[in-house]
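Trainee: Before I ask anything, here is the structure I am working with.
The values are calculated or read from the model by the stated rules, or taken from the named source; none is laboratory data. All figures in this text were calculated on a predicted structure; none of them were measured in a lab. Note that we place each Cβ from the backbone using ideal geometry, even for glycine, and neighbour counts take in every protein chain shown. SASA here: full protein model, heavy atoms, side chains in, ligands and nucleic acids out. Shrake-Rupley method; radii C 1.70, N 1.55, O 1.52, S 1.80 Å.
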Amino acid sequence: MIIQLSGHHLTKKFKQQTILSDVNLSLASGEIYGLLGPSGSGKTTLVKILLGLEKCDQGKVELFNQKPSISSFRHLGYMAQSDALYEELTAYENLDFFGSIQGLRKKERKQRIEEVAEIVHLRNDLSKKVLQYSGGMKRRLSLACALIHKPKLYLLDEPTVGLDPLLRQSIWKLFQKLKEDEATLIVTTHVMDEVNRCDRVGLLKDGKILATGSPADLLKTYQVDSIEDIFLKGVSH
Amino acid sequence: MQNILALTNRISRQFIRDKRTLALLIVAPILILTLVWVVFGAKTDEPKLAVVGDSKLPMVKQFTLQDIKSLNLKQAKSELKNQEIDAYIEIKEPLSVHLEGSDPPTNQRALKKIQDTLGQAQNQGQQKLSIHYLYGNKDMKMFDSFGPVLLGLFVFFFIFLLSGVSFLRERTTGTLDRLMASPIKNIEIILGYLSGFGLFAMIQSIILTFYSIYVLQMNIEGSIFYVLLTIFILSLSALTLGMLLSTFARNELQIVQFIPIVIVPQIFFSGLFKLDNLPLWGQIIGKFTPLYYAADALKDIMIRGAQFSDWWGDLALLLGFSLLFIILHMVTLRSYRKA
Ligand SMILES: Nc1ncnc2c1ncn2[C@@H]1O[C@H](COP(=O)(O)OP(=O)(O)OP(=O)(O)O)[C@@H](O)[C@H]1O
Ligand SMILES: [Mg+2]
């Protein structure tokens, strides 16, 4: 089992407020890790710290068993909670730009754009400006931008929010496929039915990881019927 | 390199799509320059004059040679009353000038024209009148003296605003995060912006310079190429400063708030108003503003026709400013991304 990404004793404070306290996690290659937690629990902050976009006050992050470095970012696919797209540009131009930033050559880019557009069902809308996209279309384009360079490690912050059940289904199918290709995924969510599709979940609450494990194991150890109940139990502890 | 090109390409595309911003970059300065020109420096009509006297007199001839019409006293009086002429001179002893008198500048111009003509007449046959001007010439207008500074100011202002807002957007929309999570180097981001925006800065410089010189007839003694070079180097400093300061702003309005702090002092201390009249502290502040050096170089080139050796130091300092802003920006970006 190769560890692709790990965070050790991560602690983060904004002013007085402690956002994360002593968070540990590690992701092995070929697994889908679901980061679950209520709004404001620190999921986005954790993902950003793992990426190096946010500094942590204590602890360290290892990316592919090394200190994070620019060259290792080539194998990263990041999708932020906000869509982070260039609205004046067409979807094609957005993909083309992120593709070249990720080091894809022109021919390769062209081919990959077709492929990822197919995957997120945006093939017929590639020439539209992002300005004219709906919320869900932007979300899918944002995901496509994270896929374009076939990274080994995906950090996806609420990738399916605002999508209809059918699309959500097909995106989770995609995640399974990526996983079969040995990719590692960390996906934040607060949708419970998505949790069961993860290999492992981490329950984040008030900046602490309450529990980690496969969904089935968690249900067993905590003697509950649904993952939500663990959060409730966690409070009473 | 591919990264820089990708950024350049993307920025130009965004720019071309945003027609209004493109217009702001070029049309707004043209509009303002033209307004200032209209107010301070439009080539005014020649004063309309007439001469009254015996047409055989050499002095009268001197006036008619200048295309000043010769009238009899009655005609002259009525034309003056009807504002068909601004003034007439009666050739008699003593010479008397009758001005229409309602518009002081016109009076002055009419008087000047008459005096000039008389001067030539009196010196006829002796040595030719030679009038020397230190800078500029007989046609030098107020606009010519501060036009170069204004040109620099507008370029600086608009490029600063645009680059600041664009880089800020990159941050607020989250695309900067995406860039930071990809294998692009910080310096490549900055260079990409420089070349993407530099392209438009160059176009702006060319259009504004040509407009000022050929349409507004701004005085130009030196080479137009040097003017372009100066303006372009100035715009680089505006670009880098805008990007740097955008990291201290949370939204567009906060970029606008930099205007009174960053732009307005430059207007006062960069040579638009006579620097000698400023208190010492004002003169010192001026020395810390990019516009000061650009204005100095532009005045050297456009008004004094100075040589390269006289103003290259100004350009070097301007490039120094850009370099400083880039380095500071690198430092702030580094604190943003750890790797
Ligand atoms: N830049 C910041 N400055 C101060 N506090 C912040 C900042 N960013 C986040 N926080 C705080 O950190 C906490 C965690 O925020 P975070 O965005 O990580 O939550 P989240 O779990 O992603 O929530 P959501 O599910 O709503 O996206 C919140 O209480 C938030 O107020
Ligand atoms: Mg979040």
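Trainee: Identify, please: which residue in the range B:75-90 is in a loop (DSSP other than H, G, I, E, B) and at pLDDT 80 or above and is, among those, nearest to B:Leu111 (Cα to Cα)?
Mentor: So in the range B:75-90, the residues in a loop (DSSP other than H, G, I, E, B) come out as B:82-86.
Within this subset, residues satisfying the condition of being at pLDDT 80 or above are B:84-86.
On the way: B:Glu84: 17, B:Ile85: 13, B:Asp86: 10 Å.
This residue is B:Asp86.
Trainee: Within the group A:Ser71, A:Ser39, which residue is among the hydroxyl-bearing types (Ser, Thr, Tyr) and within 16 Å of ligand 2 (Cβ to nearest atom)?
Mentor: Working: A:Ser71 fails: within 16 Å of ligand 2 (Cβ to nearest atom).
Exactly one of A:Ser71, A:Ser39 is among the hydroxyl-bearing types (Ser, Thr, Tyr) and within 16 Å of ligand 2 (Cβ to nearest atom), namely A:Ser39.
Trainee: Tell me which of these A:Ser142 doesn't satisfy, since it passes every other one: (1) within 16 Å of ligand 1 (Cβ to nearest atom); (2) farther than 29 Å from A:His9 by Cα; (3) open to solvent by 10 Å² or more (accessible area, probe 1.4 Å).
Mentor: Evaluating A:Ser142 over (1) within 16 Å of ligand 1 (Cβ to nearest atom); (2) farther than 29 Å from A:His9 by Cα; (3) open to solvent by 10 Å² or more (accessible area, probe 1.4 Å) leaves (3) as the failure.
Trainee: Considering every residue within the range B:184-192, establish whether at least one is touching a Lys or Arg at 6+ places or on another chain (Cβ under 7 Å), within 14 Å of chain A (Cβ to nearest Cβ) and of a type outside the set (Phe, Trp, Tyr). Explain how you work it out, then say what you get.
Mentor: Keep residues of the range B:184-192 that are touching a Lys or Arg at 6+ places or on another chain (Cβ under 7 Å), which gives B:186.
From what is left, the residues that are within 14 Å of chain A (Cβ to nearest Cβ) are B:186.
Adding the requirement that they be of a type outside the set (Phe, Trp, Tyr) leaves B:186.
Yes: the range B:184-192 contains one or more residues that are touching a Lys or Arg at 6+ places or on another chain (Cβ under 7 Å), within 14 Å of chain A (Cβ to nearest Cβ) and of a type outside the set (Phe, Trp, Tyr).
Trainee: Continuing with this model, one more query. Say whether the condition of being among the β-branched types (Val, Ile, Thr) and modelled with pLDDT of 80 or more is met by at least one residue in the range B:43-50. If you could, list the steps in order and put the result at the bottom.
Mentor: At the first step, the residues of the range B:43-50 found to be among the β-branched types (Val, Ile, Thr) are B:44.
From what is left, the residues that are modelled with pLDDT of 80 or more are none.
No: zero hits.
Trainee: Here is a further query. Helices (runs of 4 or more DSSP H) wholly in the range B:1-74 with at least 2 residues that are within 14 Å of chain A (Cβ to nearest Cβ) - which ones?
Mentor: Details: elements: B:2-17, B:19-36, B:58-65.
It comes to B:2-17, B:19-36.
Trainee: Scanning for something among the hydroxyl-bearing types (Ser, Thr, Tyr), facing another protein chain (nearest Cβ under 7 Å) and open to solvent by 40 Å² or more (accessible area, probe 1.4 Å), does the range A:70-83 turn up at least one residue? Let's see the steps before the verdict.
Mentor: Filtering the range A:70-83 for residues among the hydroxyl-bearing types (Ser, Thr, Tyr) gives A:71-72, A:78, A:82.
Then keep just the ones that are facing another protein chain (nearest Cβ under 7 Å); that gives A:71, A:78, A:82.
Going one step further and asking which of them are open to solvent by 40 Å² or more (accessible area, probe 1.4 Å), we end up with A:71, A:82.
Within the range A:70-83 (the criterion being among the hydroxyl-bearing types (Ser, Thr, Tyr), facing another protein chain (nearest Cβ under 7 Å) and open to solvent by 40 Å² or more (accessible area, probe 1.4 Å)), the answer is yes, since at least one residue qualifies.
Trainee: Restricting to the range B:13-26, count the residues that are open to solvent by less than 20 Å² (accessible area, probe 1.4 Å) and not aromatic (Phe, Trp, Tyr). Talk me through it step by step, then tell me what you get.
Mentor: Of the range B:13-26, the ones open to solvent by less than 20 Å² (accessible area, probe 1.4 Å) are B:15, B:25.
Applying the additional criterion that residues be not aromatic (Phe, Trp, Tyr) yields B:25.
Residues that pass the stated criteria total 1.
Trainee: A follow-up question, please. I want to confirm something. Restricting to the range B:248-274 and keeping residues that are among the aromatic types (Phe, Trp, Tyr) and in a loop (DSSP other than H, G, I, E, B), which single residue is farthest from B:Ala294 (Cα to Cα)?
Mentor: Applying the first criterion (among the aromatic types (Phe, Trp, Tyr)) to the range B:248-274 yields B:248, B:258, B:268-269, B:273.
Filter once more, so that each one left must be in a loop (DSSP other than H, G, I, E, B): B:248, B:273.
On the way: B:Phe248: 26, B:Phe273: 15 Å.
The qualifying residue farthest from B:Ala294 (Cα to Cα) is B:Phe248.
Trainee: If you don't mind, there's one more thing I want to ask. Among the candidates A:Arg105, A:Arg123, which residue alone is more than 17 Å from A:Ser170 (Cβ to Cβ) and modelled with pLDDT under 95? Give the derivation first.
Mentor: Values: A:Arg123 fails: more than 17 Å from A:Ser170 (Cβ to Cβ).
It is A:Arg105.
Trainee: Tell me, which strands (runs of 3 or more DSSP E) wholly within the range A:131-237 include 2 or more residues that are within 19 Å of A:Val47 (Cβ to Cβ), of a type outside the set (D, E, K, R) and within 16 Å of ligand 2 (Cβ to nearest atom)?
Mentor: On the way: elements: A:153-157, A:184-189, A:200-205, A:208-213.
It comes to A:153-157, A:184-189, A:200-205.
Trainee: Suppose we filter the range B:301-338 for residues that are over 29 Å from the mean Cα position of the chain (by Cα) and at positive phi; how many remain?
Mentor: Going through the range B:301-338 one residue at a time, the tally reaches 0.
Trainee: Collect the residues in the range A:74-88 that are away from ligand 2 (no atom under 16 Å from the Cβ), hydroxyl-bearing (Ser, Thr, Tyr) and touching a Leu at 6+ places or on another chain (Cβ under 8 Å), keeping them in residue-number order.
Mentor: none
Trainee: Tell me which residues, restricted to the range A:59-69, are among the small types (Gly, Ala, Ser) and more than 8 Å from chain B (Cβ to nearest Cβ).
Mentor: Narrowing the range A:59-69 to residues among the small types (Gly, Ala, Ser): A:59, A:69.
Residue satisfying the conditions is A:Gly59 alone.
Trainee: Quick one: which of A:Leu36, A:Leu95, A:Leu53 is aliphatic (A, V, I, L, M), within 12 Å of ligand 1 (Cβ to nearest atom), over 22 Å from A:Lys179 (Cβ atoms) and surrounded by 21 or more Cβ atoms within 10 Å (Cβ to Cβ)? Steps first, please.
Mentor: Numbers: A:Leu36 fails: over 22 Å from A:Lys179 (Cβ atoms); A:Leu95 fails: within 12 Å of ligand 1 (Cβ to nearest atom).
Only one candidate passes the filter, namely A:Leu53.
Trainee: Still on this structure, please answer the following. Report yes if B:Ile187 is modelled with pLDDT of 90 or more, farther than 30 Å from B:Ser335 by Cβ and either of a type outside the set (Phe, Trp, Tyr) or open to solvent by 50 Å² or more (accessible area, probe 1.4 Å) (or both), otherwise no.
Mentor: On the way: modelled with pLDDT of 90 or more: yes; farther than 30 Å from B:Ser335 by Cβ: no; either of a type outside the set (Phe, Trp, Tyr) or open to solvent by 50 Å² or more (accessible area, probe 1.4 Å) (or both): yes.
Taking the combined requirement at face value, the residue does not satisfy it.
Trainee: How about the range A:1-36: which of its residues are within 12 Å of ligand 2 (Cβ to nearest atom) and over 14 Å from the mean Cα position of the chain (by Cα)?
Mentor: Passing the criteria: only A:Ile19.
Trainee: Something else: Of the numbered conditions (1) surrounded by 12 or more Cβ atoms within 10 Å (Cβ to Cβ); (2) closer than 17 Å to B:Gly119 by Cβ, B:Leu80 satisfies every one except a single condition; which is it?
Mentor: For B:Leu80, the exception is condition (2).
Trainee: Condition first: surrounded by fewer than 23 Cβ atoms within 10 Å (Cβ to Cβ) and away from ligand 1 (no atom under 16 Å from the Cβ). Now tell me which residues in the range A:5-21 satisfy that.
Mentor: Hits for the range A:5-21 are A:Ser6, A:His8, A:His9.
Trainee: Can you say whether B:Arg171 is in a helix (DSSP H, G or I) and free of Cβ contacts under 8 Å to residues at least 40 places away in the same chain, as far as the supplied structure shows? Before you say what the answer is, go through the steps one by one.
Mentor: Values: in a helix (DSSP H, G or I): yes; free of Cβ contacts under 8 Å to residues at least 40 places away in the same chain: no.
So B:Arg171 fails the test.
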